[in-house]
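Quick note: the coordinates plus some simple rules give every number you see, no bench work behind them. This structure is a prediction, so every number in the text was calculated from the model and none was measured. Note that we place each Cβ from the backbone using ideal geometry, even for glycine, and neighbour counts take in every protein chain shown.
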Amino acid sequence: MKFDLAGQGIRHLNRYLHEPESQGAEVEVDNPSGSHNIAVGALHNCQVLVNGHVGYYCAAMNQHAEITVRGNAGPGLAENMMSGTVRIMGNASQYCGATAHGGLLIIEGNASSRCGISLKGLDIVVAGSIGHMSAFMAQTGRLVVCGDAAESMGDSIYEARIYVRGKVASLGTDCIEKPMGDEHIQELRKLLERAGLDYAAGAFKRYGSARRLYNFDVDNASLY
């Protein structure tokens with residue numbers, strides 16, 4: 001099934017992805033031209049290939065689809081994603097994967113600021129680097145960064161796990177480096193394999209919550 005957004009419009013595409021007839025389909029999208037809301041709320045197990053750059057909220061609320069974008073993505077990529085797979089073959093702008101509950105998001109380039117904020121179960125693998133305040137208030141899920149991380153990574157993090165191969169400019173409140181055990185090596189290796197990236201899991205460091213903010217303590221008042 002082919003869609004040319006230059007003539008058909010985005011609503012026509014999204015309506016099709018909400019219908020049962022899209023189950024098992026192979027969908028190709030031409031001329032996205034940086035438009036917003038492409039492939040939002042895809043409900044069924046299908047493959048969607050977008051040939052070009054996309055704007056805001058591409059693949060938001062994805063349920064079961066496997067969505068690939070041959071280009072860059074604007075803010076809000078895969079926001080509130082529930083399951084399925086989203087792959088960006090370029091860079092992603094701000095707050096990709098925000099509030100997402102499940103599935104796998106792969107960024108083959110870099111991700112901008114606030115990557116994975118309020119993460120609720122999604123796995124994010126970034127082949128490049130991430131911007132500041134990434135994984136802010138991340139609750140569950142995993143963020144893998146094969147490059148570097150900017151300032152205030154993991155600020156106010158809960159139980160999400162962060163793996164970084166490169167340098168971390170600074171850690172946010174209550175985020176600390178943690179030991180890298182066999183369990184984490186195996187977990188990370190599987191994530192890298194799923195993302196199609198050939199990096200040694202042992203070259204990464206793990207970060208997570210120090211758990212000082214779970215209950216109010218007057219000695220930690222300045223951290224709240």
What does the net charge come to around residue 94 if you take all other residues with beta carbon closer than 14 Å to its beta carbon, with K and R at +1 and D and E at -1?
0
Show which aspartates and glutamates lie in cross-link reach of residue 190 when reach means a straight Cα distance below 19 angstrom and same-chain residues fewer than eight apart are skipped.
66, 108, 123, 182, 198
Got a sec? Charge dipole of the stretch 2-223, +1 on Cβ for Lys and Arg, -1 for Asp and Glu; which of 27, 204, 68 is way out at the positive end?
204
To the nearest 20 debye, the chain has a Cα-centred charge dipole, built from +1 on Lys and Arg Cβ and -1 on Asp and Glu Cβ, of 180 debye
q = 0.13, 0.16, 0.17 Å⁻¹: log10 I(q)/I(0) that the Debye formula gives for the stretch 49-188, counting C-alpha atoms only
-0.46, -0.70, -0.79
Relative contact order, percent, the chain [alpha-carbon distance under 8 Å, six or more residues apart]
10 percent
Counting Lys and Arg as +1 and Asp and Glu as -1, what is the net charge of the other residues whose Cβ lies under 13 Å from the Cβ of residue 167?
-1
Neighbouring Cβ atoms within 10 Å as the yardstick, rank 53, 12 fewest first.
12, 53
If amide H atoms are modeled at 1.01 Å from N in the peptide plane, then the residues at a separation of 5 or more from residue 50, or on another chain, having amide H under 5 Å from its own are 29, 68, 69, 70
Within the chain, what's the longest run with no trypsin sites (Lys or Arg not before Pro) in a DSSP loop and at most 15 other beta-carbon atoms within 10 Å? Give the range, please.
1-166
Beta bridges per DSSP with both ends in the chain, % antiparallel, nearest 5
15 percent
Count the net charge of all other residues whose Cβ sits under 13 Å from the Cβ of residue 183, scoring Lys and Arg as +1 and Asp and Glu as -1.
+4
